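A.B. asks: Please see the structure below; I have some questions.
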Amino acid sequence: MEYIMSSRKKKKTIKQQEQNLNSQKALNEPWIPMRKGLMIIAITSVVMAVLTAAQVIPQRGWLEGILWGLLFGALIWVIFWGFYFFRRIFH
């Protein structure tokens, strides 16, 4: 036996399938452009480095404060690129 759908139901199911396809496509696309994301990461890493250095310098001195600041600023980039390449490989 063949299931017969009314034309109204056919249109409704086709419309739902199109909406599902559009929502899947929207989820796979980036939320912000890469250039803007890199700018945000750059600003965040510099701010993190400065704040970390400012907190460490009074306790440990200039050299160690700057090194800790650079470490934390660089770790933001490591996390960003790590997730970027992870997504590229496994997506």
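A.B. asks: Are there any pairs with C-beta distances below 9 angstrom linking a residue in segment 29-47 that is free of Cβ contacts under 8 Å to residues at least 40 places away in the same chain to a residue that is surrounded by 13 or more Cβ atoms within 10 Å (Cβ to Cβ) and aliphatic (A, V, I, L, M), with the two at least 6 apart or on different chains, and if so which?
C.D. replies: Matching pairs, first to second residue: ILE41/ILE76; THR44/ILE76; SER45/ALA74; SER45/LEU75; SER45/ILE76.
A.B. asks: Also, quick follow-up: Kindly evaluate PHE86 against the criterion of being in a helix (DSSP H, G or I), exposed (fewer than 14 other Cβ atoms within 10 Å of the Cβ) and free of Cβ contacts under 8 Å to residues at least 60 places away in the same chain. Can you show your working first?
C.D. replies: Working: in a helix (DSSP H, G or I): yes; exposed (fewer than 14 other Cβ atoms within 10 Å of the Cβ): yes; free of Cβ contacts under 8 Å to residues at least 60 places away in the same chain: yes.
For PHE86, the condition - in a helix (DSSP H, G or I), exposed (fewer than 14 other Cβ atoms within 10 Å of the Cβ) and free of Cβ contacts under 8 Å to residues at least 60 places away in the same chain - is met.
Each value in this text was obtained by applying a stated rule to the coordinates, not by laboratory testing. Everything quoted here is computed from the prediction, not taken from an experiment. Quick reminder, even Gly has a Cβ in these numbers, built from the backbone with ideal geometry, and neighbours come from all protein chains shown.
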